[in-house]
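J.: First the structure, then my questions, so here it is.
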Amino acid sequence: MARIRSLNGLPNEITQMYLSTLRYYDKGYMMDWIAKRLMELKINSVELDLYSESSKPINFISNPIKYYFKELRKHITKTLVSNGFDDKYISQGIFKIHISNIDHAFGKVSIQCILTNIDNHKFVGKVYSEKTYPIAESLFEKIIKKLWED
């Protein structure tokens, strides 16, 4: 018989996997990409949906941010099956994200994963906070930005 409490640590696993140094994309880690996007849009919080690959606000999601979502969903499925649950037992995965000091180059971003099962039971992970670093713009990005300013 599958025990629901065997899944209590799963949101923390997902968050740690997402923030891991193994999840590097192009010029930065996930928290750096998230901070960059938050600062570009001048917002201080966002929700990312792991399953629909969408965000609130809608225009937040980008390729670097959602690049590892499929891998995270596979880990959830593998964990569910290995603990005796149906692979569709988790129906929703949300990352709640908040940045403090949006006006500083080095923001501190907090992230929390909340998984919801088919019975609407929520598995709430810890809040992880991390200092972020700016992602340098490529020459191409600088040229495009300059063209938009003119």
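J.: Could you compute Rg(Cα) / (2.2 N^0.38 Å) for the chain, with N its residue count?
T.: 1.14
J.: Follow-up. Just name one of Leu7, Ser20, Ile34: the one whose Cα is farthest towards the positive end of the charge dipole of segment 2-46 (beta-carbon charges, Lys/Arg +1, Asp/Glu -1).
T.: My answer, from the dipole projection, is Leu7.
J.: List the pair-distance distribution P(r) of segment 1-56, using every Cα-Cα distance, as the percent of pairs falling in each 5 Å bin from 0 up to the bin containing the longest distance, rounded to whole percents.
T.: 4, 15, 18, 23, 20, 9, 6, 4, 1, 0
J.: Something else: What number comes out for the charge environment of Ile94, summing +1 per Lys or Arg and -1 per Asp or Glu over other residues with Cβ under 11 Å away?
T.: +1
J.: Would you kindly find the accessible area of His98, with a 1.4 Å probe and non-protein molecules such as ligands, DNA and RNA excluded, rounding to the nearest 10 Å²?
T.: About 80 Å², rounded to the nearest 10.
J.: Where a Cα-Cα gap under 29 Å defines reach, which lysines qualify for Lys88, not counting those fewer than 8 residues away within the same chain?
T.: Lys56, Lys66, Lys70, Lys74, Lys78, Lys96, Lys122, Lys126
The values are calculated or read from the model by the stated rules, or taken from the named source; none is laboratory data. No experiment lies behind these values; they were computed from the predicted model shown. Neighbour counts run over all protein chains shown; Cβ positions are idealised from the backbone, glycine included. All accessible areas refer to the heavy atoms of the entire protein, side chains included, with ligands and DNA or RNA removed. Shrake-Rupley method; radii C 1.70, N 1.55, O 1.52, S 1.80 Å.
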